[in-house]
């Protein structure tokens, strides 16, 4: 909406520099594990990232901390960093 990147899953120049290979949604991430036979035990996310890192360089530590702390009350699929806890099936 801000015109900063073409699509949500477009890798930025910074992504490429640090070695990122793809951008996944929480649904895509859980699907990879489910398709591999794992059981999803928990989904989580942290840091509400509203703009690119380059636009946050002057933000106060308190604001950055608040954007991290709000992670506990918002759905994980809205966070910049996502993860899952999985269980390997019994063999």
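Give the whole-number value, in cubic angstrom per residue, of the convex hull volume spanned by the C-alpha atoms of region 13-87.
On the way: hull volume 7.8 nm³, N = 75.
Dividing the Cα hull volume of region 13-87 by its residues yields 103 Å³.
Given contacts defined as C-alpha pairs under 8 Å and at least six residues apart, what's the relative contact order of region 13-87, whole-number percent?
45
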>> Connecting C-alpha atoms closer than 10 Å in a GNM of the chain, tell me which of 52, 61, 75 has the biggest fluctuation.
In response: 61
>> Taking 30 Å as R0, compute the FRET efficiency from the Cβ-Cβ separation of residue 91 and residue 42 and round it to 0.05.
In response: 0.85
> Going by alpha carbons, how many degrees (0 to 90, nearest 10) lie between the helix axis of 26-35 and the longest principal axis of the chain?
Replying inline: 20
>> Can you give me the distance in nm between label points at residue 78 and residue 54, each placed 7 Å from the Cα along the Cα-to-Cβ direction?
In response: 2.7
> Roughly speaking, what is the stretch gain from residue 34 to residue 7, that is 0.36 nm per residue apart minus the C-alpha to C-alpha distance, in nm to one decimal?
Replying inline: 7.2 nm
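No lab work stands behind these numbers, since they all come straight from the coordinates. Note that this is a predicted model, so its numbers are computed, not measured. In this analysis, Cβ positions are derived from the backbone assuming ideal geometry, glycine residues included, and neighbour counts consider all displayed protein chains.
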